[in-house]
1. In the stretch 196-215, which residues are of a type outside the set (S, T, N, Q), open to solvent by less than 50 Å² (accessible area, probe 1.4 Å) and within 16 Å of Val389 (Cα to Cα)?
2. Might you let me know whether the stretch 101-110 holds any residue that is part of a loop (DSSP other than H, G, I, E, B), among the aromatic types (Phe, Trp, Tyr) and open to solvent by less than 30 Å² (accessible area, probe 1.4 Å)?
3. Any residue in the stretch 143-162 that's open to solvent by 10 Å² or more (accessible area, probe 1.4 Å): show its pairings with residues that are in a helix (DSSP H, G or I) at Cβ separation under 6 Å, as long as the two are six or more apart or on different chains.
4. Among the numbered criteria (1) without any contact (Cβ under 8 Å) to a residue 24 or more places away in the chain; (2) small (Gly, Ala, Ser); (3) assigned to a strand (DSSP E or B), which one does Ala93 miss?
5. Please enumerate the residues belonging to the stretch 330-342 that are of a type outside the set (Phe, Trp, Tyr) and either over 14 Å from Thr245 (Cα atoms) or crowded, with 17+ Cβ neighbours inside 10 Å (or both).
6. Any residue that is open to solvent by less than 10 Å² (accessible area, probe 1.4 Å), assigned to a helix (DSSP H, G or I), modelled with pLDDT under 80 and not β-branched (Val, Ile, Thr) - is there at least one of those in the stretch 427-450?
7. Among the residues of the stretch 297-309, is there at least one that is over 22 Å from Gly374 (Cβ atoms), of a type in the set (A, V, I, L, M, F, W, C) and in contact (Cβ under 8 Å) with a residue 24 or more places away in the chain?
8. Could you check the stretch 57-84 and list, in sequence order, the residues that are open to solvent by 40 Å² or more (accessible area, probe 1.4 Å) and of a type outside the set (Val, Ile, Thr)?
Amino acid sequence: MDATTFAIVGAGVFGLSTAFHLRRMYPAAKIFLIDRTRGDDANRGAATSDFNKIIRADYPDPVYMKIALDAQESWRTDPVFKPYYHECGMLFAEEIGMGRASFKNYRDLGVETQSEILTKEGALARFPIFQDANWSGVNENYFNPQSGWGEADGAVASFFAATCNAGVTFIKANAERLVLDSEGNCTGVFISEGGGQTREFLADRTILCVGAFTEKFLADTAPERSELQVNGRLIAAAAVQCKATYPPEEEEKLSKAPVHFLGMWHTHGESIPPFNGRLKFNCEVSFTNMTYHDGLDKDISIPPPAESQSTWSQNVPEGLKQEVANVVRNTYGSYVPGIDIESYRVCWDAVSPNQDFIIDYHPKCKNLVIASAGSFHSWKFLPNIGEYVVKRVFNTLEEDLVRKWAWDRENTGSACEMYDPSRDMKAIGPFEGWPRTESSESITQPARTQDGEVKDNTYTLWNSRCLIQ
């Protein structure tokens, strides 16, 4: 190919991975990666930046399972990622059928797996660390010893260095909006660098990878063009996390813990084993931040402007602090005394209606590619998702994936049906427990065959929209 110029806006999972694989697959291309922060900056206000993240191939959707298996191989073997990967296993204490669906998919794909279904008693015998967890309603567990977690900031910094060393040019700048020609085609992006002056950065193709800011970015570009807008294809959503310290004498106990997903009506959350003297917990009930947009003359969900509302801090609504504290309490109980929450973080991402990614040319804006809608489960694909974006750019992506990740699609099925936000950040009050509604109780009865398998890789979910990385 000729020396086509690419502007990749956003150095998160999609942007960074795309830049790397574009350089690897098309070395003659001129590739510019644009972001307001460097990939080796810690505690950035981006979904990619974090203390740690879960890495698993356990999916009810076999498409994501296959891609995650390939990514996991990179986590295990690639020197860029291997030092940051910890394969401690993952325990799913839930009755939504996700474990059984994953177990079935491994067999259907012909993949050897060490995963197994455990009774509550079997799980407690294997993992006494959770003996004082809230096991109310849990009858069955799924455990995969081949899942684990990654040191997020360390892995991203390593990949950022490898990408820049491969010849990608990084520009530290705020990307403000797209540059459009007289026919409405994309010719680049407006950026402002250190001096604050805005200038055009022109490119043959622009790949927009700005996650939770996708809707705002397109609205800021040309609010009068309705055909350019997101219009319900994704929404900015968030979930709260916390880091906690623990007494040094509890280290040995905690070192034997797997990643734990407790997905019941009373507890929607995950815990990740200790790292650098800290535990991390996620509360998996998402929310929006509906904000008036002048250009569109309507409310859209936009992450709050304060940096402290998307980085590790104390600037989190009290109700969210209480929600994630509920996860801490129901994970370890009194068996691990002295756990003390140190800081909080609200993690923002773009979520599509069926939690499939969007990787596609914008049909109404020539030369613009959208790579977004990570839907809270894209981080594990850091090593390889960019390869799929590059294939879409050059029209070599498999047709089934073109349809699955299209800008315009039916949004049928689901990567993980729990991810849609059901409330707004401004409406979150004191936490008084999750309501045990009829729909939340129905999660204990997934549709199954006579052999006990979940039918057609589907499962019943609760209406409070729990999510899992």
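The values are calculated or read from the model by the stated rules, or taken from the named source; none is laboratory data. Note that this is a predicted model, so its numbers are computed, not measured. Note: ideal-geometry Cβ built from the backbone for every residue, glycine included; neighbour counts use all protein chains shown. Heavy atoms of the whole protein, side chains included, go into the accessibility calculation; ligands, DNA and RNA do not. Shrake-Rupley method; radii C 1.70, N 1.55, O 1.52, S 1.80 Å.
1. Once the filter is applied, which keeps residues that are of a type outside the set (S, T, N, Q), open to solvent by less than 50 Å² (accessible area, probe 1.4 Å) and within 16 Å of Val389 (Cα to Cα), the stretch 196-215 yields Ile207, Leu208, Cys209, Val210, Gly211.
2. For the stretch 101-110, residues part of a loop (DSSP other than H, G, I, E, B), among the aromatic types (Phe, Trp, Tyr) and open to solvent by less than 30 Å² (accessible area, probe 1.4 Å): absent.
3. Cβ pairs passing all conditions: Glu151/Tyr84; Gly154/Tyr84.
4. (1)
5. Asn330, Thr331, Gly333, Ser334, Val336, Ile339
6. Yes, the conditions are met somewhere in the stretch 427-450.
7. Taking every residue of the stretch 297-309 in turn, none turns out to be over 22 Å from Gly374 (Cβ atoms), of a type in the set (A, V, I, L, M, F, W, C) and in contact (Cβ under 8 Å) with a residue 24 or more places away in the chain.
8. Pro62, Lys66, Leu69, Asp70, Glu73, Arg76, Asp78, Pro79, Lys82, Pro83, Tyr84
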